[in-house]
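Take a look at the structure below.
The values are calculated or read from the model by the stated rules, or taken from the named source; none is laboratory data. The structure presented is a predicted model; accordingly, all values stated were derived computationally and were not measured. Here the Cβ is made from the backbone with ideal geometry for all residues, glycine too, and neighbour counts use every protein chain on show. With ligands, DNA and RNA removed, areas are computed over all heavy atoms of the protein, side chains included. Shrake-Rupley method; radii C 1.70, N 1.55, O 1.52, S 1.80 Å.
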Amino acid sequence: MADTLTELDVKGYNCPIPLLRAKKALATMAPGDLLRIRTTDPGAEIDFRVFADASGNELVSLDEADGVLTLVMRKRA
C-alpha cells in the first residue's frame, strides 16, 4: 500500500503557525505517510530543518519557487 500524502497550505502565515499546523497534521498521520507543506514564511526552512532533527520526522524535500517554499516531510516510524 502506498503512503498517503496530506496537503497543508499555510501560505500567508508566519512563525509559529506553519510549524504548529504541521505538527498537528503529523500527529494524526500514520508512520511513513507524507505531508506536503506550502508556506511563505521566510524562516520556515530553518524552522522545519530543526523540527525534523528534533522530532525524528524526515524532511524528504525542500523547494522554493516564486516566494513559496514547498516542503515534504515523512512521518517517523
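For semi-axes √(5λ) of the Cα gyration tensor in Å, the candidate list reads (1) 17, 15, 12; (2) 19, 13, 11; (3) 25, 14, 11; the entry that matches the value derived from this model is (2). Remark: the LEU20-THR4 segment gains 3.7 nm on full extension, using 0.36 nm per residue and subtracting the alpha carbon distance. Residues VAL50, VAL72, ordered by accessible area of protein heavy atoms at a 1.4 angstrom probe radius and largest first, appear as VAL50, VAL72.
Across the options SER55, PRO42, MET73, the greatest Cα extent toward the positive end of the charge dipole of the chain (unit charges at beta carbon of Lys, Arg, Asp, Glu) belongs to SER55. Compute the angle between helix 17-27 and the longest alpha-carbon principal axis of the chain, please, reported from 0 to 90 degrees and rounded to the nearest 10. Helix 17-27 and the main axis of the chain meet at about 10 degrees. Here the chain carries DSSP beta bridges of which approximately 70% are antiparallel, counting only pairs with both residues inside.
Build a GNM of the chain with springs between Cα atoms under 10 Å apart, and of ASP47, ASP33, ASP66 the one that fluctuates most is ASP66.
Using a 1.4 angstrom probe on heavy atoms only, work out the carbon and sulfur share of the accessible area of the chain in %. Show your work: numbers first, answer last.
Values: 2480 of 4630 Å².
It is 54 percent, rounded to a whole number.
Full extension of the chain between ALA30 and ASP66 gives 9.8 nm of extra length, using 0.36 nm per residue less the Cα-Cα distance.
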